[in-house]
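Remarks on the structure that follows.
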Amino acid sequence: MNNQEKFAREIEAIAVRALLYEVSATPKPGLVDRKNNGAHNDMDFFTFVDSSTALGKVFYECTLAGMRYSGEIKGLLQVIRPIGKMGEEKMFEVTKGVNTHKGLIFSLGIISAVIGFLYQKKENSHRSSNEICKQVKLMTKELVDEELKKKAFGKSLTYGERLYIKYGTMGIRGEVASGFKTVCTYGLPLLKELMKAEKGTLNERFIQVLLALMVYTEDSNILGRHDLAMLKKVQMMAKNIFEKGGVFSEDGLESMEAFDVWCIDNWVSPGGAADLLAITIMLYLVEQL
């Protein structure tokens with residue numbers, strides 16, 4: 001195994017760890033975790049473990065593709081699309097048709113490819129989340145225009161297309177094309193702060209970051225199941241708990257448990273924020289290389 005392959009294996013391991021850390025963080029309101037299935041009846045904790053551990057090859061191949069690519073970075077997206085499709089097929093195979101990680105195959109695959117692209121330049125910038133996100137933005141800046149804003153929609157619409165037409169929200173495409181603006185503004189700075197202060201357990205830090213992300217995420221999972229009014233309500237509830245101290249205060253933790261019950265009862269699943277938590281974790285771990 002050469003140095004490139006060794007490095008690609010490191011990125012693969014980090015991406016899979018990010019997926020496993022995200023699903024393991026408990027309690028997550030309305031989401032699958034170690035305690036319950038959240039507002040889902042077609043998946044559980046082990047479905048996510050099966051899916052996570054089946055996707056390593058995607059991130060390995062995306063990293064290598066970035067290393068071997070010599071054109072302008074915006075062309076790299078088309079190079080890795082077949083790898084992403086392969087990953088989706090593998091996910092659906094192991095989960096028996098359940099979508100556990102489609103958004104994260106897309107997001108973490110792009111991050112992996114960009115890290116590979118930066119690595120080949122023999123620079124340390126492949127470990128900088130700022131540089132990674134800057135290159136992600138350059139790589140995907142035309143994505144929203146091509147797939148949403150300038151697209152002539154037919155009768156058969158994807159989940160994301162329906163939400164864009166109805167609400168103007170761009171979902172994970174918009175987050176990626178912004179260079180993960182929500183992650184870089186709210187998720188990553190908070191995780192770094194909590195890690196540096198060694199505050200609480202790793203589990204508590206992840207839940208606190210999730211709460212912060214829930215406040216600011218235009219969550220397509222909530223919009224798809226409900227509407228804009230429900231999204232605003234969930235954001236406000238998350239904000240109130242965060243301002244109480246979140247999982248680091250007794251009142252906040254009790255409120256978090258009640259929030260989980262409320263989300264389950266109301267069939268609310270903030271899966272968009274959960275995806276951003278996994279992205280936050282991956283970027284943090286890459287910087288620790």
Per-residue HN-Hα couplings for region 237-252 [Karplus 6.51, -1.76, 1.60; θ = phi - 60°; Hz; x = Gly/Pro]: 5, 5, 4, 4, 5, 4, 5, 7, x, x, 6, 8, 10, 4, 5, x
Three-way shape call for region 169-240 based on the alpha-carbon gyration tensor, with the a/c threshold at 1.5: oblate
CD proxy at 222 nm, helix term only [per DSSP H run n ≥ 4: -39500 (n - 2.57); per residue of the chain; nearest 500]: -21000 deg cm²/dmol
Contact order normalised by residue count of the chain, Cα under 8 Å, 6+ apart, percent: 25
13 Å beta-carbon shell around residue 216, net charge (K/R +1, D/E -1): 0
Flagged links, alpha-carbon separation over 23 Å, of 102/192; 102/196; 74/196; 96/232; 28/199: 102/192; 102/196; 74/196; 96/232
Sorted peptide list for 97-108, 76-87, criterion being average Cβ within 10 angstrom, highest first: 97-108, 76-87
Identified option (computed semi-axes √(5λ) of the Cα gyration tensor in Å; candidates (i) 29, 22, 18; (ii) 44, 30, 13; (iii) 127, 30, 15): (i)
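Where a number appears in this text, it was derived from the coordinates with a stated rule and is not lab data. Keep in mind it's a predicted model, so treat the numbers as computed, not measured. Glycine also receives a Cβ, built like all others from the backbone with ideal geometry; neighbour counts cover every protein chain displayed.
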